[in-house]
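Below you'll find the structure, written out as C-alpha coordinates, and then a few comments.
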Amino acid sequence: KIEDGLAGVNVLITAGPTREAIDPVRFLSNHSSGKMGYAIAKAASQAGANVTLVSGPVSLQTPTDVNRVDVSSASDMHKAVMSHVSDCDIFIGCAAVADYRPVNVGEQKIKKDNNELTLTFTKNPDILADVAKLDHAPFTVGFAAETQNVRDYALKKLKAKRLNMIAANDVSNKDIGFDSDKNALSVFWNNGEEHLAIADKEQLAFSLIELITKKYKSN
Ligand code: C5P
(Lines give C-alpha, C1' and ligand atoms only; values in the text may rest on other atoms or scores of the structure.)
Protein backbone atom coordinates (compact mmCIF):
# COMPACT_ATOMS: atom_id res chain seq x y z
CA LYS A 1 0.00 0.00 0.00
CA ILE A 2 1.56 3.26 -1.12
CA GLU A 3 0.24 6.50 0.29
CA ASP A 4 1.62 10.01 0.55
CA GLY A 5 1.95 9.59 4.31
CA LEU A 6 5.46 11.01 4.38
CA ALA A 7 5.08 13.84 1.82
CA GLY A 8 7.54 16.62 2.67
CA VAL A 9 9.16 14.62 5.48
CA ASN A 10 12.99 14.29 5.46
CA VAL A 11 14.13 10.75 6.20
CA LEU A 12 17.77 9.79 6.78
CA ILE A 13 18.65 6.09 6.63
CA THR A 14 21.86 4.11 7.16
CA ALA A 15 22.31 0.76 5.43
CA GLY A 16 24.82 -1.96 4.71
CA PRO A 17 28.03 -2.97 6.46
CA THR A 18 31.03 -0.83 7.30
CA ARG A 19 34.65 -1.66 6.47
CA GLU A 20 37.35 -1.10 9.06
CA ALA A 21 40.81 -0.80 7.55
CA ILE A 22 43.68 -2.95 8.84
CA ASP A 23 46.26 -1.78 6.30
CA PRO A 24 46.03 -0.29 2.78
CA VAL A 25 44.79 -3.57 1.25
CA ARG A 26 42.81 -5.25 4.06
CA PHE A 27 39.70 -4.60 6.10
CA LEU A 28 37.28 -6.19 8.57
CA SER A 29 33.59 -6.23 7.76
CA ASN A 30 30.41 -8.30 8.14
CA HIS A 31 27.79 -10.08 6.02
CA SER A 32 25.23 -7.29 5.86
CA SER A 33 23.81 -7.08 2.32
CA GLY A 34 22.08 -3.72 2.79
CA LYS A 35 18.83 -5.19 1.41
CA MET A 36 16.65 -4.21 4.37
CA GLY A 37 17.93 -0.61 4.47
CA TYR A 38 17.55 -0.19 0.71
CA ALA A 39 14.01 -1.61 0.84
CA ILE A 40 13.17 0.87 3.62
CA ALA A 41 14.63 3.74 1.57
CA LYS A 42 12.47 2.70 -1.40
CA ALA A 43 9.33 2.40 0.73
CA ALA A 44 9.91 5.80 2.39
CA SER A 45 10.52 7.43 -0.98
CA GLN A 46 7.33 5.91 -2.41
CA ALA A 47 5.47 7.24 0.63
CA GLY A 48 6.54 10.73 -0.48
CA ALA A 49 9.55 11.34 1.81
CA ASN A 50 12.78 13.08 0.79
CA VAL A 51 15.19 10.24 1.43
CA THR A 52 18.94 10.36 2.06
CA LEU A 53 20.58 6.96 2.26
CA VAL A 54 24.02 6.78 3.87
CA SER A 55 25.33 3.49 2.57
CA GLY A 56 28.24 1.24 3.35
CA PRO A 57 29.71 -0.80 0.46
CA VAL A 58 26.96 -2.96 -1.07
CA SER A 59 26.13 -4.17 -4.57
CA LEU A 60 22.59 -2.81 -4.80
CA GLN A 61 20.98 -0.25 -7.08
CA THR A 62 19.99 3.07 -5.58
CA PRO A 63 16.17 3.29 -5.37
CA THR A 64 14.56 5.94 -7.59
CA ASP A 65 14.63 9.48 -6.18
CA VAL A 66 16.84 8.50 -3.25
CA ASN A 67 19.90 10.65 -2.49
CA ARG A 68 22.69 8.14 -1.79
CA VAL A 69 25.85 9.02 0.11
CA ASP A 70 28.55 6.31 -0.06
CA VAL A 71 30.81 5.69 2.94
CA SER A 72 33.20 2.95 3.99
CA SER A 73 34.13 2.99 7.70
CA ALA A 74 31.96 3.55 10.77
CA SER A 75 33.75 6.86 11.35
CA ASP A 76 32.92 7.95 7.77
CA MET A 77 29.31 6.91 8.32
CA HIS A 78 29.16 8.84 11.60
CA LYS A 79 30.52 11.97 9.87
CA ALA A 80 28.10 11.68 6.93
CA VAL A 81 25.09 11.16 9.22
CA MET A 82 26.03 14.09 11.46
CA SER A 83 26.37 16.38 8.45
CA HIS A 84 22.90 15.44 7.12
CA VAL A 85 20.94 15.10 10.38
CA SER A 86 20.13 18.76 11.11
CA ASP A 87 17.08 19.00 8.82
CA CYS A 88 16.07 15.38 9.25
CA ASP A 89 12.64 14.45 10.69
CA ILE A 90 13.04 10.69 10.88
CA PHE A 91 16.31 8.75 11.29
CA ILE A 92 16.37 5.01 10.65
CA GLY A 93 19.63 3.23 11.60
CA CYS A 94 19.62 0.05 9.60
CA ALA A 95 23.37 -0.31 8.98
CA ALA A 96 25.40 -3.14 10.50
CA VAL A 97 28.02 -0.79 11.89
CA ALA A 98 31.24 -2.43 13.07
CA ASP A 99 31.45 -2.13 16.85
CA TYR A 100 35.26 -1.86 16.82
CA ARG A 101 38.05 -0.72 14.52
CA PRO A 102 41.79 -1.48 14.60
CA VAL A 103 43.71 1.11 16.64
CA ASN A 104 46.68 1.26 14.31
CA VAL A 105 46.14 1.26 10.56
CA GLY A 106 49.46 0.51 8.91
CA GLU A 107 50.49 2.82 6.09
CA GLN A 108 52.12 -0.18 4.44
CA LYS A 109 50.81 -3.70 3.87
CA ILE A 110 51.43 -5.95 6.91
CA LYS A 111 54.05 -8.58 5.99
CA LYS A 112 53.64 -12.23 7.02
CA ASP A 113 56.94 -12.31 8.90
CA ASN A 114 55.52 -13.62 12.18
CA ASN A 115 53.51 -16.72 13.05
CA GLU A 116 51.09 -14.69 15.14
CA LEU A 117 49.50 -11.35 14.53
CA THR A 118 47.72 -9.37 17.22
CA LEU A 119 45.38 -6.54 16.40
CA THR A 120 44.12 -4.11 19.03
CA PHE A 121 40.68 -2.61 18.60
CA THR A 122 38.95 0.49 19.84
CA LYS A 123 35.20 1.09 20.03
CA ASN A 124 33.48 2.93 17.18
CA PRO A 125 31.05 5.77 17.88
CA ASP A 126 27.42 4.63 18.20
CA ILE A 127 25.80 6.59 15.36
CA LEU A 128 22.23 5.78 16.39
CA ALA A 129 22.73 6.72 20.05
CA ASP A 130 24.51 9.94 19.04
CA VAL A 131 21.59 10.95 16.80
CA ALA A 132 19.01 10.14 19.50
CA LYS A 133 20.76 12.29 22.08
CA LEU A 134 20.93 15.41 19.90
CA ASP A 135 19.06 18.46 21.28
CA HIS A 136 16.61 18.46 18.39
CA ALA A 137 16.72 14.75 17.73
CA PRO A 138 14.63 13.39 14.87
CA PHE A 139 12.14 10.55 15.42
CA THR A 140 14.75 7.83 15.81
CA VAL A 141 14.35 4.19 14.82
CA GLY A 142 16.98 1.52 15.50
CA PHE A 143 17.44 -2.10 14.60
CA ALA A 144 18.51 -4.99 16.79
CA ALA A 145 19.79 -8.33 15.58
CA GLU A 146 19.52 -10.83 18.41
CA THR A 147 19.95 -14.58 18.76
CA GLN A 148 18.01 -14.92 22.05
CA ASN A 149 15.77 -12.96 24.43
CA VAL A 150 14.79 -10.74 21.50
CA ARG A 151 12.11 -8.80 23.38
CA ASP A 152 14.21 -8.13 26.50
CA TYR A 153 17.30 -7.01 24.61
CA ALA A 154 15.27 -4.86 22.21
CA LEU A 155 13.47 -3.09 25.06
CA LYS A 156 16.78 -2.50 26.87
CA LYS A 157 18.27 -1.02 23.68
CA LEU A 158 15.19 1.17 23.15
CA LYS A 159 15.73 2.73 26.59
CA ALA A 160 19.55 2.81 26.66
CA LYS A 161 19.83 4.51 23.28
CA ARG A 162 16.77 6.74 23.91
CA LEU A 163 15.05 5.61 20.70
CA ASN A 164 11.46 6.22 19.64
CA MET A 165 11.24 2.76 18.12
CA ILE A 166 13.26 -0.41 17.65
CA ALA A 167 12.82 -3.19 15.09
CA ALA A 168 14.28 -6.50 16.21
CA ASN A 169 14.99 -9.59 14.20
CA ASP A 170 15.96 -13.02 15.39
CA VAL A 171 19.16 -13.78 13.47
CA SER A 172 19.34 -17.32 14.89
CA ASN A 173 16.53 -18.14 12.43
CA LYS A 174 18.40 -19.19 9.27
CA ASP A 175 15.47 -18.33 6.97
CA ILE A 176 15.63 -14.62 7.72
CA GLY A 177 18.04 -11.78 8.36
CA PHE A 178 21.43 -10.83 6.91
CA ASP A 179 21.81 -12.00 3.29
CA SER A 180 18.30 -13.41 2.96
CA ASP A 181 15.53 -11.81 0.85
CA LYS A 182 13.12 -12.41 3.71
CA ASN A 183 12.87 -11.08 7.21
CA ALA A 184 10.47 -10.85 10.15
CA LEU A 185 10.46 -8.02 12.67
CA SER A 186 9.24 -7.40 16.19
CA VAL A 187 8.80 -3.66 16.58
CA PHE A 188 8.78 -2.02 20.02
CA TRP A 189 8.12 1.49 21.25
CA ASN A 190 7.26 3.01 24.59
CA ASN A 191 4.17 1.07 25.74
CA GLY A 192 3.53 -0.82 22.56
CA GLU A 193 4.66 -3.46 20.12
CA GLU A 194 3.72 -4.97 16.81
CA HIS A 195 4.96 -8.13 15.13
CA LEU A 196 5.49 -8.11 11.39
CA ALA A 197 5.41 -11.71 10.13
CA ILE A 198 7.99 -13.23 7.79
CA ALA A 199 7.80 -11.64 4.35
CA ASP A 200 9.99 -10.34 1.51
CA LYS A 201 12.18 -7.50 2.76
CA GLU A 202 10.50 -5.16 0.22
CA GLN A 203 7.04 -6.00 1.56
CA LEU A 204 8.19 -5.82 5.17
CA ALA A 205 9.77 -2.41 4.54
CA PHE A 206 6.39 -1.03 3.44
CA SER A 207 4.71 -2.35 6.61
CA LEU A 208 7.50 -0.88 8.74
CA ILE A 209 7.29 2.52 7.00
CA GLU A 210 3.52 2.49 7.57
CA LEU A 211 4.04 1.82 11.27
CA ILE A 212 6.79 4.44 11.58
CA THR A 213 4.57 7.00 9.81
CA LYS A 214 1.72 6.31 12.24
CA LYS A 215 3.94 6.65 15.32
CA TYR A 216 5.85 9.67 13.94
CA LYS A 217 2.60 11.52 13.34
CA SER A 218 1.16 10.76 16.75
CA ASN A 219 4.44 11.69 18.46
O1 C5P B 1 23.91 -2.04 20.03
P2 C5P B 1 23.65 -2.67 18.71
O3 C5P B 1 24.85 -2.64 17.78
O4 C5P B 1 22.99 -4.00 18.75
O5 C5P B 1 22.55 -1.69 18.05
C6 C5P B 1 22.10 -1.87 16.74
C7 C5P B 1 21.54 -0.58 16.24
O8 C5P B 1 22.48 0.48 16.46
C9 C5P B 1 21.33 -0.58 14.74
O10 C5P B 1 20.25 0.29 14.48
C11 C5P B 1 22.64 -0.01 14.20
O12 C5P B 1 22.47 0.60 12.94
C13 C5P B 1 22.99 1.01 15.26
N14 C5P B 1 24.43 1.22 15.48
C15 C5P B 1 25.02 2.42 15.12
N16 C5P B 1 26.36 2.64 15.37
C17 C5P B 1 27.12 1.68 15.95
C18 C5P B 1 26.52 0.45 16.34
C19 C5P B 1 25.19 0.25 16.08
O20 C5P B 1 24.34 3.29 14.58
N21 C5P B 1 28.40 1.93 16.16
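The values are calculated or read from the model by the stated rules, or taken from the named source; none is laboratory data. Since the model is a prediction, treat every value here as computed from it, not as a measurement. When we count neighbours, we look across all protein chains shown, and the Cβ atoms used for this are built from the backbone with ideal geometry, even at glycine.
In contact (Cβ under 8 Å) with a residue 24 or more places away in the chain, more than 9 Å from the ligand (Cβ to nearest atom) and buried (at least 16 other Cβ atoms within 10 Å of the Cβ): is that true of Ser172 in this structure? Reasoning before the result, please.
Values: in contact (Cβ under 8 Å) with a residue 24 or more places away in the chain: yes; more than 9 Å from the ligand (Cβ to nearest atom): yes; buried (at least 16 other Cβ atoms within 10 Å of the Cβ): no.
So Ser172 fails the test.
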Fill in the blank from the handout: Apart from one, (1) touching a Pro at 6+ places or on another chain (Cβ under 6 Å); (2) away from the ligand (no atom under 11 Å from the Cβ) all hold for Phe91; the odd one out is (2)
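Just one of Lys42, Lys111 is basic (Lys, Arg), at pLDDT below 95 and more than 16 Å from the ligand (Cβ to nearest atom); which is it? Outline the logic, then answer.
Values: Lys42 fails: at pLDDT below 95.
Selected residue: Lys111, the only one of Lys42, Lys111 that is basic (Lys, Arg), at pLDDT below 95 and more than 16 Å from the ligand (Cβ to nearest atom).
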Completion exercise
Going through the stretch 10-41 in order, the residues found to be surrounded by fewer than 22 Cβ atoms within 10 Å (Cβ to Cβ) and closer than 19 Å to Cys88 by Cβ are Asn10
Problem - Matching option when the condition is surrounded by fewer than 20 Cβ atoms within 10 Å (Cβ to Cβ), in a helix (DSSP H, G or I) and either without any contact (Cβ under 8 Å) to a residue 12 or more places away in the chain or within 14 Å of the chain's Cα centre (by Cα) (or both), among Asp152, Asp135, Asp113 - result: Asp152
Problem - Residue within the stretch 74-84 that is away from the ligand (no atom under 13 Å from the Cβ), within 23 Å of Ala145 (Cα to Cα) and of a type outside the set (Gly, Ala, Ser) present - result: no
Practice task
Please identify the pairs in which a residue from the stretch 52-68 that is more than 15 Å from Ala95 (Cβ to Cβ) has its Cβ atom under 9 Å from the Cβ atom of a residue that is part of a strand (DSSP E or B) and small (Gly, Ala, Ser), counting only partners at least 6 apart or on another chain.
Solution key: Thr62/Ser55
Problem - Neighbours by Cβ (under 7 Å, 6+ apart or cross-chain): first from the stretch 95-108, without any contact (Cβ under 8 Å) to a residue 60 or more places away in the chain; second in a strand (DSSP E or B) and within 15 Å of the ligand (Cβ to nearest atom) - result: Asp99/Lys123; Val103/Phe121; Val103/Thr122
